[in-house]
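Asker: The structure's right below; bear with me while I get my questions together.
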């Protein structure tokens, strides 16, 4: 899967990210069981989606591999707002970006925002 890396589940930590069914999730909790008579140790991950805030549980053996998204973060200056789209200029390379509006944030033209990208999807994570 492009934009991801593969790691064993045993190496994941709370607060990190993983990909399940082509969706990026943040790890809220990890619980593991000991290896038993009929199999290897299992891990149970409590996850929340980065983009839709949907919560799920994921279970697998600790030696299974899982995709981890390459997350990029940066800052941008809002140029204008059109409906549900925020048009902003990336501060790193001065390219124009179109980001989805986050209703809970106070986003205004001329203000600086922080954005995040994972799996070719963007999200505004903070207004300054």
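Bear in mind that the values in this text are calculations on the coordinates, not laboratory data. Since we're looking at a predicted model, the values are computed, not measured. All Cβ positions, glycine included, derive from the backbone under ideal geometry; neighbour counts span all protein chains shown.
Asker: Given a cut-off of under 8 Å on Cα pairs at least six residues apart, what relative contact order in percent is computed for the stretch 72-127?
Answerer: Reported as a whole number, the value is 36 percent.
Asker: Between residue 123 and residue 21, what is the label-point separation in nm under the 7 Å Cα-to-beta-carbon projection?
Answerer: Here the modelled spin labels are 1.7 nm apart.
Asker: Modelling each spin label as a point 7 Å along the Cα-to-Cβ direction, I'd like the residue 91/residue 53 distance in nm, to one decimal.
Answerer: Those two pseudo-labels are separated by 2.6 nm.
Asker: Another one. Write down the radius of gyration of the stretch 4-69 and its Dmax, each obtained from C-alpha positions, in Å.
Answerer: When restricted to the Cα atoms of the stretch 4-69, Rg and Dmax are 11.7, 40 Å.
Asker: Could you tell me the relative contact order of the chain? Use alpha-carbon pairs under 8 Å, at least six residues apart, and round to a whole percent.
Answerer: Rounded, it is 21 percent for the chain.
Asker: While we're on this one: Considering the alpha-carbon set of the stretch 35-92 alone, what are its Rg and its Dmax in angstrom?
Answerer: Cα only, the stretch 35-92: 19.6, 61 Å (Rg, Dmax).
Asker: Compute the semi-axes of the equivalent ellipsoid of the chain, taking the square root of 5 times each eigenvalue of the Cα gyration tensor, and list them largest first in whole Å.
Answerer: Semi-axis lengths for the chain are 36, 14, 10 Å.
Asker: Ok, one more. Give me the Kirkwood hydrodynamic radius of the stretch 72-127, using the inverse of the mean 1/r over all pairs of distinct Cα atoms, in Å to one decimal.
Answerer: It works out to 10.9 Å.
Asker: Name the residue, out of 92, 16, 44, whose mean-square fluctuation peaks in a Gaussian network model built on the chain with Cα pairs under 10 Å.
Answerer: 92
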